[in-house]
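The values are calculated or read from the model by the stated rules, or taken from the named source; none is laboratory data. The structure presented is a predicted model; accordingly, all values stated were derived computationally and were not measured. Note that each Cβ is placed from the backbone with ideal geometry, even for glycine, and that neighbours are counted across all protein chains shown. The protein model used for the area step is the full one, side chains on, heavy atoms only, and it has no ligands, DNA or RNA in it. Shrake-Rupley method; radii C 1.70, N 1.55, O 1.52, S 1.80 Å.
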Amino acid sequence: MRRDMDLIRQVLLTAEAGPPYPKIDGFSPEAIRYHQMLAIDAGLIKGKYMSYMENASDVPSSVVVQGVEWAGHDFLAAIRDDSNWNKLKKYLIDSGKAITLETLIAGAKALFGFAT
C-alpha cells in the first residue's frame, strides 16, 4: 500500500479529536488502519496494532488509537489549518522535494516556525 500524507494528516486530526473518534471519509478501513500504524511507528500518535496469523497483509488486523504524541501535537499545530497544509504541500512540490514526513516537518519549520 502506498503512503498517503493527506491520510496521515487525517489520522492525526482524528486522533486529536479523541474518542469517539470521527469517521475518516473517502478511504478504505484497510488504508486507515495502515496509516494509523505508520503514524504510531513514526511517533506521532499513541496506540497499538496487531495482525492475526491468518493476515498475510502489511495492513494490521486491528488498531487501537490512544491519543496524540508530543511530536504529533507540534506537527498538527503547523498543519491543522487547510490553508497551511495546502501551502506546505505546494512549497514542497514547487521546490522539487518529495512529500515525506521529514520534508513536511522541515517545510513546516521553514514556513510556519514549527519546532520540535
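A few comments on the model shown:
- On Cα atoms only, tilt of 70-79 relative to the major axis of the chain in degrees: 50 degrees
- Annotation for ARG3 and HIS73: the two label points, set 7 Å from Cα along the Cα-Cβ direction, are 2.4 nm apart.
- Both radii were evaluated on the Cα set of the chain; the Rg over Rh quotient, with Rh as the Kirkwood radius, amounts to 0.98.
- Burial order of peptide ranges 89-97, 17-25 (average beta-carbon count within 10 Å, highest first): 89-97, 17-25
- Helix 82-94 axis, angle to the chain major axis (alpha carbon atoms, nearest 10°): 70 degrees
- Average Cα contact separation per residue, the range 43-83, under 8 Å, 6 or more apart, as relative contact order %: 44 percent
- Over the residues of the chain, the helix contribution to mean residue ellipticity at 222 nm works out to -16500 deg cm²/dmol, using -39500 (n - 2.57) for each DSSP H run of at least 4.
- Rolled with a 1.4 Å probe across the full set of protein chains, the surface gives GLU30 an accessible area near 80 Å².
- Relative to one another, the C-alpha centroids of the range 32-51 and the range 59-85 are positioned 10 Å apart.
- For the chain, with all protein chains in place and a probe radius of 1.4 Å, 54% of the accessible heavy-atom surface sits on carbon or sulfur.
- Solvent-accessible area of ARG3 with every protein chain in place, 1.4 Å probe, in Å² to the nearest 10: 120 Å²
- Based on Cα contacts under 8 Å between residues 6+ apart, the chain shows a relative contact order of 22 percent.
- Quarter of Cα convex hull surface for the range 45-88, i.e. mean projection, nm²: 4.2 nm²
- The residues HIS35, HIS73, sorted by heavy-atom accessible surface at 1.4 Å with ligands and nucleic acids left out, run HIS73, HIS35 from largest to smallest.
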